[in-house]
Amino acid sequence: MAAITSSNLANRLESIVGSDQVRAPSSIEARAADTIVEPASIEEICDLVRMCEADRIALAPIGAARSLAGMRRTPVALGISMKRLSRVVAHEPHDMTVVAESGITIGALNTSMAAARQRLPVDPCNPAITTLGSLVCASHSGPLRLSEGTSRDLLIGVRFVGHGGKLVHSGGRVVKNVAGYDLMKLMGGSFGTLGILTELTFKVRPVPPEHCLALIPYARASDAFASARILNDALPLSNLDILSPALATRFNSTNQFLLLAGFSGSPLEIGYQAERIRDLLGTRGEILDSDSALNWYQQLRDLDFYSIPLSAQIAVPPAFLARVLETCGDETEFRAHAGSGVAQIIPFEKLVAEGAAKTVARWREAAHSARGNLRLIAAAPDIRDSLEFFHTPNDGALALMRRLKTAFDPAGIFNPGCFVGGI
């Protein structure tokens, strides 16, 4: 990448977006980018991309910057904040679709649809600061992935700025559409390495009338996972999660594993499912409803794995998740989405670089042994250089990824070095 002085870059940015839209990064943004620009239109983004391609200036789109702050080894020159592109473009309650700009947060989007009793049913940590662009590009999800899927399952259309500052469209604004190659799926989990998302279209769903949450403590992880399998086979739960003891203490648990099973629906459906849980698991634990259930669910959802010195996500076939977490070691704490085969894991104690590398290697081997994978969510700057954030695929798959990167980003400016194999 070209070496450009701060004053030179600032002057050029101001000529495109104006001086009031160029600023220094906040403390968390500083780990992701040296300078922040806040374009107010898609045309400004296109101009910024063309400028960066001409001079080989590395850039990255950012929302709250949590993901990139925990991943990048060195900041890119330019962070493209999507803060000013945060409109709801169209909401069609009868079609159950919504079109919105990528800078809007999930919390704000759902507030805009509240009168229609609809929502985008994705629940990453702290949706009040998670933008739609980050939701898709960083593959954020939470406990509701069991019943509602992830953003990948709900996304039906995108617009993004790519090579040459061109605006690219994929998908559409209706649920049933065929538009050739599915670029939407390619953008999901790309971490901004292929382009800058500007607009997204999603399917939305009704807000359930009522929600309950069963909380059941267990002395052993194996018993908690056994009960989770029973419930998952018997009931259409909204979420099914298990917390290890250190994380469960935040829920007033007494050094035990905690099973949290959520269910929602009409009062009749709620009553039936509560009774079935009692029949299947006995009378131990408690079942919360109304505000109590919502409060505890939000605490579960908002467990923050971004500000921890080392955190990772494991994805394996659900039947293997309990064994894999046991293999990771007793010193590993976790939040397990038991019905989905996904878990976020952290070490019990802070690790230095050598210890972190050994721990991650053990975690990754445990995931591979079950035909799964592991990627790091975040690592502290002092240990980051010794770690691989992503699973390294076979040579054929990696070569294909490199060809796609070259095709979409021939100048190599979009968040370089922040994906699989250093892409």
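The values are calculated or read from the model by the stated rules, or taken from the named source; none is laboratory data. This one's a predicted model, so the numbers in the text were calculated from it and none came from an experiment. So basically every Cβ, Gly included, is an ideal-geometry build from the backbone, and we count neighbours across all protein chains shown. Protein only, heavy atoms only, side chains kept; ligands, DNA and RNA dropped before computing areas. Shrake-Rupley method; radii C 1.70, N 1.55, O 1.52, S 1.80 Å.
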- Calculated from backbone phi, Karplus (6.51, -1.76, 1.60) coupling profile of the range 264-273 in Hz, x at Gly/Pro: 9, x, 6, x, 5, 5, 4, x, 5, 5
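So if the hydrodynamic radius of the range 113-258 is defined as the Kirkwood radius over C-alpha pairs, what does Stokes-Einstein give as its diffusion coefficient at 10 °C and 1.306 mPa s, in µm² per second? Kindly include the intermediate steps, with their values, before the conclusion.
Values: Rh = 17.7 Å.
My calculation gives 90 µm²/s for D.
Assign one of three labels to the range 278-333, namely rounded, prolate or oblate, based on the Cα gyration tensor with a ≥ b ≥ c the square roots of its eigenvalues; rounded applies when a/c is under 1.5, prolate when it is not and a/b is larger than b/c, and oblate otherwise. Kindly include the intermediate steps, with their values, before the conclusion.
On the way: a/c = 2.60, a/b = 1.33, b/c = 1.95.
Oblate.
Per residue, how large is the accessible surface of the chain? Use a 1.4 angstrom probe and give square angstrom. Intermediate values should be presented prior to the final figure.
Working: 18000 Å² over 423 residues.
On a per-residue basis, the chain sits at 43 Å².
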- Exposed loop chymotrypsin sites (Phe, Trp or Tyr not before Pro) only (DSSP loop, at most 14 other Cβ atoms within 10 Å): please give the longest stretch of the chain free of them, not including the sites. 1-180
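Considering only the other residues whose Cβ falls under 12 Å of the Cβ of VAL37, what net charge follows from Lys and Arg at +1 and Asp and Glu at -1?
Details: positive: ARG12, ARG23, LYS83, ARG84; negative: GLU14, ASP20, GLU29, ASP34, GLU38, GLU44, ASP47.
Every neighbour counted, the sum reads -3.
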- Long-range amide H contacts for GLU199: which residues qualify at under 5 Å (H placed 1.01 Å from N, peptide plane, sequence gap of 5 or more or a different chain)? SER102, ARG159
- Taking the chain and counting helices only, DSSP H stretches of n ≥ 4 at -39,500 (n - 2.57) each over all residues, the nearest-500 ellipticity at 222 nm comes to -9500 deg cm²/dmol
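Convert 25 °C to kelvin, take the viscosity as 0.890 mPa s, use the Kirkwood radius over C-alpha pairs of the chain as Rh, and evaluate the Stokes-Einstein diffusion coefficient in µm²/s, rounded to a whole number. Don't skip to the end; give the middle numbers.
Details: Rh = 22.5 Å.
Answer, rounded: 109 µm²/s.
Convert 20 °C to kelvin, take the viscosity as 1.002 mPa s, use the Kirkwood radius over C-alpha pairs of the range 233-348 as Rh, and evaluate the Stokes-Einstein diffusion coefficient in µm²/s, rounded to a whole number.
On the way: Rh = 15.2 Å.
Stokes-Einstein gives a translational diffusion coefficient of 141 µm²/s.
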- What does the charge dipole of the range 169-326 about its Cα centre add up to, to the nearest 20 debye, if the Cβ of each Lys and Arg holds +1 and the Cβ of each Asp and Glu holds -1? 400 debye
- Query: With axes computed from alpha carbons, what is the tilt in degrees of helix 395-408 against the longest principal axis of the chain, rounded to the nearest 10 within 0 to 90?
  - Reply: 50 degrees
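Keeping the other protein chains in place, figure out the carbon and sulfur percent of the accessible area of the chain, with a 1.4 Å probe.
Numbers: 9340 of 18000 Å².
Of the solvent-accessible surface of the chain, carbon and sulfur hold 52 percent.
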- Mean Cβ-within-10 Å packing, highest first, puts peptides 125-135, 26-36 in the order 125-135, 26-36
- Apply the Karplus parameterisation 6.51 cos²θ - 1.76 cosθ + 1.60, with θ equal to phi minus 60°, to every residue of the range 38-49 and state each ³J(HN,Hα) to the nearest whole Hz, in sequence, with x for glycine and proline. 10, x, 9, 7, 5, 4, 5, 4, 4, 5, 5, 5
